[in-house]
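As structure tokens, the structure follows; a few thoughts come after it.
Any read-out appearing in this document is the output of simple, stated calculations on the displayed coordinates, not a laboratory observation. Quick caveat, the model's predicted, so the values are computed rather than measured. When we count neighbours, we look across all protein chains shown, and the Cβ atoms used for this are built from the backbone with ideal geometry, even at glycine.
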Amino acid sequence: MRLSKIFTIVTFVLFILACLPLAWIINGEWAAYHAADEGLGSIQIAHLAMVAVEKISTERGPANALIGAPADGGGREKLRVARLASDRALQDLVTALSPSRSAYHRQALAAIRVARQRLSEARHDMDRIIAAPAPTATEIMAPIRRMFDVVPVVLEAVNALSFQASSVYPQLSNPLSGARLATELREYAGRLGSTLVPVLTEKRPLTETEAREVFILRGRIEQLRGTIRLRLSVPTTQPVQRQALSNMESRYFRNGLARVDDILLASRLRQPYAATPAAFTAAYMPTLHSIVELRDSMLSTAADEAAIQQRAAFRHLLAATALGVIALIAQLALFAYIRWLIAKPLLAASKLLSDIADGRLDAELPTTLRKDEIGDVLRAIAILRRNSQEKRVLEQERQRLIDELTEVSRIDFLTGIANRRAFTQTADAEIARACRAGESATLILFDIDHFKQVNDQHGHDSGDAVLVHVAAIIERICREGDLAGRYGGEEFVVLASHGNASSGETLAERLRAGIAESPCSLPSGQQLAVTASFGVATLSEASATLESLLQAADRALYAAKRQGRNRVVAA
């Protein structure tokens, strides 16, 4: 194996061995950045899912206010706006999840599709109850419970997305779980208000079942409240979260639940309720915003921390990539230096010796001031090449003389175009090639009309001038690749190996017109009109050799003469 190949293979192997650990490191950093980016995206999408839960829960407020109430255009407009907000939140969530990038996203997307179907069915039932004149408590609670059933499905999406984000950012599990708990708290607080709507609509005390359900909801709300407070009691809790928790305690657990307690007290005392369903909803629902604000503050903290870590992961990826590129560049520079210092001179010396051995002495010889062994080799090669060049000069001079004699033997001394011998050799080879390739070739044979009279009337010098004149027209009109020669006396021949028979006849016609339209200037200064007769033969099975083409063209040439000369006749 040649030294150049060995050096190339060794360089390539070492380069790959260096690339593997760098690729492993960069891949690890890329995986960390990709996971951080997906985790941040999951937090953002989880926020959209929590907003969707909030909007669906909020939609129950205007719907509950319309149950058993007189027709109210303002109330129906509020319901329409609330439903549009729910639909928009669900659509934003579907858009963010499509296309699904992970199994968690696909799980969330499937849950949202189920939730949209359930929400559509629940709205249908709710519209039917709103239109009913005097629905019973059982009839009222049926669509309300169907609205309840939509939220757990959306919460499945919240749980899937929060779990993915927590797996990427374990340190953020506390605010993420807190936000998820706040979302559930908002839902149960909304359910508590919806449960009291039938009681207020029918203006009656709570039944034992309704009282038990209210008790269970209050218990679940207090449980979620305690869990959230426990999660926010850690030292890392941000001041904005503590403020949001304080606002929730004041606005919902003090003011909002006070509205509920008033209804429960009036129910136990069998006293009339002070508020209608619409009035209760209008007073109770705004207090739930404090829960949403707490949820958003915890999510905002998680998203900010995730964004910081995502940017840090991106910086690590950039740093690893930059270090990898620098290491590879340094390695390539080292390889290039070794190649320049040792391998390249040796390869150049080997190439020069091979060129000298093969007789190629034109390659540039590098100048060197090196005093080592490589410098000695290059100087010895320079001496060897100089001696070889001197020998070549002598050989080239000898060859030049031989070429001049050969050229003289191939060129017609008068016209400067190929003579009959040179044309025949070249045409034979070209016709054989055209036959093998299945290509067309056309032979044009022509002679000057009444040439003998030119010699007799004007002298042989004028005849020579006519021949030179016609040869010049041939060289001007013929295309590159066409073979032209003086066949003998006043006869000329052209072999057109491009195109078909029609193009060959066209070339012959151009030659005829060129000769006829260009009078020849004789040595005496007289202008002499010159014409020529043409015979054209095309390569075919019957005429597949130069001899057969010449014979066919000759017959056509004599036909042209018989028909009056100065014309082209095809065989």
| query | Counting other Cβ atoms within 10 Å of each Cβ, which chymotrypsin sites (Phe, Trp or Tyr not before Pro) in the range 232-309 have at most 12 and sit in a DSSP loop? | reply | none
| Nearest-0.05 FRET efficiency for ALA282 and ARG145, computed from C-beta distance (R0 25 Å) | 0.65
| message | Taking 8 Å as the Cα distance limit and 6 or more residues as the minimum spacing, I'd like the relative contact order of the chain as a percentage. | response | 12
| On a 0 to 90 degree scale, rounded to 10, what angle separates helix 137-168 from the longest Cα axis of the chain? | 50
| remark: Between (1) 368; (2) 157; (3) 179, the structure-derived volume of the Cα convex hull per residue in Å³ is (1)
| field | Dipole axis of the chain (+1 Lys, Arg; -1 Asp, Glu on Cβ), positive-most option in ALA278, PHE148, LEU495 | value | ALA278
| query | How many nm separate the modelled label positions at ARG254 and GLN551, each set 7 Å beyond the Cα in the direction of the Cβ? | reply | 12.7
| request: Find how much the distance from ASP372 to GLN223 grows on full extension, using 0.36 nm per residue of separation minus their present alpha carbon separation; answer in nm with one decimal. | output: 44.8 nm
| message | Within 13 Å, Cβ to Cβ, of ARG360, how many net charges do the neighbouring residues add up to if Lys/Arg are +1 and Asp/Glu are -1? | response | -1
| Gained length - SER120 relative to LEU341, 0.36 nm times residue gap less alpha-carbon distance | 71.7 nm
| Separation in nanometres of the label points that stand 7 Å from Cα toward Cβ, at GLN399 and CYS435 | 3.3
| Nearest-20 debye value, the range 420-570 charge dipole, Cβ charges on Lys, Arg, Asp, Glu | 180
| request: In nm, give the distance between the simple-model label positions of TYR558 and THR138, each being 7 Å from the Cα along the Cα-to-Cβ direction. | output: 12.6
| field | R0 of 60 Å, Cβ-Cβ distance ALA357-ASP461: FRET efficiency to nearest 0.05 | value | 0.60
| query | How about the range 1-102: which trypsin sites (Lys or Arg not before Pro) there lie in a loop by DSSP and see at most 11 other Cβ atoms within 10 Å? | reply | ARG2
| note | Footprinting proxy, CYS478, CYS435: sorted fewest to most Cβ within 10 Å, the residues are CYS435, CYS478
| request: Before rounding to the nearest 500, sum -39500 (n - 2.57) across all DSSP H runs of length at least 4 in the chain and divide by the residue total; then give [θ] at 222 nm in deg cm²/dmol. | output: -25500 deg cm²/dmol
| Taking +1 at the Cβ of each Lys and Arg and -1 at the Cβ of each Asp and Glu, which of ALA349, CYS435, PHE335 sits farthest along the dipole of the chain towards its positive end, judged by Cα position relative to the Cα centre? | PHE335
| request: First measure r as the distance between the Cβ atoms of ARG76 and HIS316, then evaluate 1/(1 + (r/R0)^6) with R0 = 56 Å and state the FRET efficiency to the nearest 0.05. | output: 0.50
| task | Counting other Cβ atoms within 10 Å, keep those with at most 16, restrict to DSSP loop, and tell me which trypsin sites (Lys or Arg not before Pro) in the range 232-319 are left. | result | ARG270
| query | Can you give the angle from 0 to 90° between the axis of helix 289-338 and the longest principal axis of the chain, with both taken from C-alpha atoms, to the nearest 10? | reply | 30
| query | For the range 420-570, what value does the Rg/Rh ratio take when both radii are computed over Cα atoms and Rh is the Kirkwood radius, given to two decimals? | reply | 0.98
| Under a straight-distance cross-link criterion of Cα-Cα below 17 Å, which aspartates and glutamates are reachable from LYS391, leaving out those fewer than 8 residues away in the same chain? | ASP355, ASP358, ASP362
| query | What is the sum of charges around ARG270, taking Lys and Arg as +1, Asp and Glu as -1, for the other residues whose C-beta is under 13 Å from the C-beta of ARG270? | reply | +3
| said: Please give the charge dipole size of the chain, origin at the Cα centre, charges +1 on K and R Cβ atoms and -1 on D and E Cβ atoms. Round to the nearest 20 debye. | reply: 3020
| note | The residues THR201, THR95, sorted from fewest to most surrounding Cβ atoms within 10 Å, come out as THR95, THR201
| said: Can you tell me the orientation of helix 546-562 relative to the chain, as the angle in degrees between its alpha-carbon axis and the longest Cα principal axis, to the nearest 10? | reply: 70
